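I have placed the structure first, in the form of structure tokens, so that the comments after it can refer back to it.
The values are calculated or read from the model by the stated rules, or taken from the named source; none is laboratory data. Please read all numbers here as calculations on a predicted model, not as lab measurements. Note: ideal-geometry Cβ built from the backbone for every residue, glycine included; neighbour counts use all protein chains shown. Accessible surface is based on the protein model in full, side chains and every heavy atom, while ligands, DNA and RNA are left aside. Shrake-Rupley method; radii C 1.70, N 1.55, O 1.52, S 1.80 Å.
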Amino acid sequence: MVEAASTATVVVVREYDGARDRRGVEAVERACEVGSSGGGKMCLFTDLLGDPLCRIRHSPAFLMLVAETATGPNSAEIAGLVRGCVKTVVSGTTHAKDPIYTKVGYVLGLRVSPRHRRKGVGKKLVSRMEEWFRQTGAEYAYMATEQDNEASVRLFTGRCGYAKFRTPSVLVHPVFGHALQPSRRAAIVRLEPREAELLYRWHFAGVEFFPADIDAVLSNDLSLGTFLAVPAGARWEGLEAFLAAPPPSWAVLSVWNCMDAFRLEVRGAPRLMRAAAGATRLVDRAAPWLGIPSIPNLFAPFGLYFLYGLGGSGADAPRLARALCRHAHNMARDGGCGVVATEVSACDPVRAGVPHWARLGAEDLWCIKRLADGYSAGPLGDWTKAPAGHSIFIDPREF
């Protein structure tokens, strides 16, 4: 009887309906907490604040699909879900160094309930999402996962036809109870969104995944500002003068408020670990002038600020990037966040200047698949086979 019921199970993939599917989606998300494997191990829980679309709704075009199973007229259950968005990004440059823009689809948030795994649900969701990508004109699809997520890597590279592509690193730094002292060797200028757009299009024109609609990113309410660091004593005469004659070294970054989109929480931590972290906060509050690093309360819901558009030029760019990161840390402290995070490629020149705690970060793996039969840009050819550049642009809308 059990085998007969299992054989009769029908899986239907359809668009997410908030009124109908929200509870089922939340149940799947809880069952798929990052690192959740039982045995009292720690896991990272994401609270989407009641909005399952929060990680894609700021993208130019987006879609969320659910896989629904049914063994009878009144036995429907959400077995899995996936999110996707489509946008136009830089994929390379011509021989004249002009940017090549390509429409891509990004697969994210794939979840399959543990009790429905190894039944083809994940592949069915990805295939249906790719159909939508093709309908919108996307030439490539890509996804991101942690390098040690063997199940996800196996699904995408082994069953869905994706190829391993890029390996950026997520760098995370806790927000201390005390403010960090500003660097005396750097001057920080806040740019208006239009100025930031001009600077980014000038500097990131040939950087992979730089979005064509960067103006929409910078003007989004979740973008808290763009900041440019130059050597202390350098005279600021406006962006036009800067672009005409930039200083020998400089750095830039923007801050995105993920805290208003979702919250994170570390669950399953041993009591001793919680106590030790709490002790560091007590010391920091009692003697902030000592500047002792403290561990924020990551065992209750906490927010993060994401640092995007991190870049620069010159021998002192890493040092200036560090000054910007300190500034962003203090913004996050004032905003009540638990951590600040960014994502950079392995060869990015400013990576050395990004302060981070290795245990809090992750090594990502991006995989890519060509959807179109031909190529839109002759000089580029097949993007899936292109060598990696020094930098990569991380869109904060889907972090």
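Restricting attention to the stretch 176-190, does a residue exist that is at pLDDT 95 or above, surrounded by 15 or more Cβ atoms within 10 Å (Cβ to Cβ), more than 19 Å from PRO246 (Cα to Cα) and under 23 Å from the mean Cα position of the chain (by Cα)?
yes
Do you know which residues across the stretch 51-68 are open to solvent by 10 Å² or more (accessible area, probe 1.4 Å) and either of a type in the set (A, V, I, L, M) or assigned to a strand (DSSP E or B) (or both)?
LEU53, ALA61, PHE62, LEU63, GLU68 - these are the residues of the stretch 51-68 that are open to solvent by 10 Å² or more (accessible area, probe 1.4 Å) and either of a type in the set (A, V, I, L, M) or assigned to a strand (DSSP E or B) (or both).
Go through the stretch 304-332 and count every residue that is more than 19 Å from the chain's Cα centre (by Cα) and open to solvent by less than 20 Å² (accessible area, probe 1.4 Å).
Residues that pass the stated criteria total 6.
Can you give me the number of residues within the stretch 287-302 that are within 15 Å of GLY268 (Cα to Cα) and among the aliphatic types (A, V, I, L, M)?
Count: 2.
Go over the candidates ALA205, ALA216, ALA196 one by one and state the one that is among the hydrophobic types (A, V, I, L, M, F, W, C), part of a loop (DSSP other than H, G, I, E, B) and closer than 24 Å to GLY92 by Cβ.
Step by step, each of ALA205, ALA216, ALA196 is checked, and only ALA205 is among the hydrophobic types (A, V, I, L, M, F, W, C), part of a loop (DSSP other than H, G, I, E, B) and closer than 24 Å to GLY92 by Cβ.
Need pairs with beta-carbon distance below 7 Å; first residue more than 20 Å from ALA328 (Cβ to Cβ) and at pLDDT below 95 and within the stretch 233-253, second assigned to a loop (DSSP other than H, G, I, E, B) and of a type outside the set (Gly, Ala, Ser); sequence gap 6+ or separate chains.
Every condition considered, the pairs that remain are ALA234/PRO247.
For the stretch 127-137, check the following and say yes or no: at least one residue is in contact with a helix residue (DSSP H, G or I) (Cβ under 7 Å, 6 or more places away or on another chain) and surrounded by 20 or more Cβ atoms within 10 Å (Cβ to Cβ).
Checked the stretch 127-137: no residue is in contact with a helix residue (DSSP H, G or I) (Cβ under 7 Å, 6 or more places away or on another chain) and surrounded by 20 or more Cβ atoms within 10 Å (Cβ to Cβ).
Which one of the conditions (1) over 30 Å from ARG267 (Cα atoms); (2) more than 24 Å from the chain's Cα centre (by Cα); (3) open to solvent by less than 30 Å² (accessible area, probe 1.4 Å) does ALA96 fail to meet, given that it meets all the rest?
(3)
Would you be able to say whether some residue in the stretch 336-347 is part of a helix (DSSP H, G or I) and under 19 Å from the mean Cα position of the chain (by Cα)?
no
Of (1) more than 22 Å from the chain's Cα centre (by Cα); (2) assigned to a strand (DSSP E or B), ARG83 satisfies all except one. Which?
Checking ARG83 against (1) more than 22 Å from the chain's Cα centre (by Cα); (2) assigned to a strand (DSSP E or B), the one that fails is (1).
Can you name the number of the only condition in (1) open to solvent by 10 Å² or more (accessible area, probe 1.4 Å); (2) out of contact with any Cys (no Cβ under 7 Å at 6 or more places or on another chain) that VAL107 fails?
(1)
Could you run through the stretch 284-303 and say how many residues are surrounded by 14 or more Cβ atoms within 10 Å (Cβ to Cβ) and not in a loop (DSSP other than H, G, I, E, B)?
Adding up the residues that qualify gives 3.
Can you tell me which of VAL266, VAL217 is in the same structural domain as ASP348 (by the TED database), crowded, with 19+ Cβ neighbours inside 10 Å and at pLDDT 95 or above?
Every option except VAL217 fails the conditions.
State all residues of the stretch 138-163 that are open to solvent by 30 Å² or more (accessible area, probe 1.4 Å), outside any helix (DSSP H, G or I) and under 10 Å from ILE368 (Cα atoms); if no residue qualifies, say none.
Of everything in the stretch 138-163, those that are open to solvent by 30 Å² or more (accessible area, probe 1.4 Å), outside any helix (DSSP H, G or I) and under 10 Å from ILE368 (Cα atoms) turn out to be ALA144, GLY161, ALA163.
Just to be sure before I move on: is LEU125 of a type in the set (A, V, I, L, M, F, W, C) and either on the phi > 0 side of the Ramachandran plot or not assigned by the TED database to the domain that holds ALA27 (or both) in the structure I sent?
no
Within the bounds of the stretch 9-16, is there any residue that is modelled with pLDDT under 90, open to solvent by 40 Å² or more (accessible area, probe 1.4 Å) and outside any loop (DSSP other than H, G, I, E, B)?
yes
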